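Participant: The structure under discussion is supplied below as structure tokens; questions concerning it will follow.
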Amino acid sequence: MLQKTTQWMTDRLVERALPSIGSFMASALQRMLILGHADHHNQLEEQARRYEAAGKPHLAKLIRDQAQEMSLNDPLSSAPEICERLTDDSQADMGLPVGLPDTTTPKKKRGNKRPVRIDVSEDAGESSE
């Protein structure tokens, strides 16, 4: 009887707590997404202003146009296009490296250095005089 009551209480607690926790996590994630999106737009606008100040208005316009296409409703809207570009076979013909270049440095060989011998008997003889 006690086990059934405990199980029933646990089930009811989980039924009520789980949606609340899920809702809290969803709203926190949405808040982070909105703030990150706004911060990203702010960075793009700052970069566009720098290009305008440097006398490159065409680059500033390009940045602003790309920023307008970004949507908060569908943050991964450009993902299929990016994947298509990455898997496109025409890039292999352009001479782009397929893998990362080998950047390991060769190991240096250790020289045959002889250890320095200290003759203890000479030191002992000099100190006794």
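The values are calculated or read from the model by the stated rules, or taken from the named source; none is laboratory data. Here the structure is a predicted model, which is why all the values come from computation and not from measurement. Heads up, the Cβs are rebuilt from the backbone with ideal geometry, glycines too, and the neighbour counts pull from every protein chain shown.
Participant: Quick one: GLN68 ticks every box in (1) loosely packed, with under 11 Cβ neighbours inside 10 Å; (2) part of a helix (DSSP H, G or I); (3) modelled with pLDDT of 85 or more bar one, so which box is it?
Facilitator: (3)
Participant: If you take the residues in the stretch 16-57 that are part of a helix (DSSP H, G or I) and charged (D, E, K, R), which one is modelled with the lowest pLDDT?
Facilitator: Pass one, the stretch 16-57, residues part of a helix (DSSP H, G or I): 16-53, 57.
When the remaining residues are screened for being charged (D, E, K, R), the result is 16, 31, 39, 45-46, 49-50, 52.
Working: ARG16: 86, ARG31: 89, ASP39: 90, GLU45: 92, GLU46: 93, ARG49: 93, ARG50: 93, GLU52: 92.
Taking the candidates together, the pick is ARG16.
Participant: Quick one: LEU33 ticks every box in (1) touching a helix residue (DSSP H, G or I) at 6+ places or on another chain (Cβ under 8 Å); (2) touching a residue at least 40 places away in the same chain (Cβ under 8 Å) bar one, so which box is it?
Facilitator: Failing condition for LEU33: (1).
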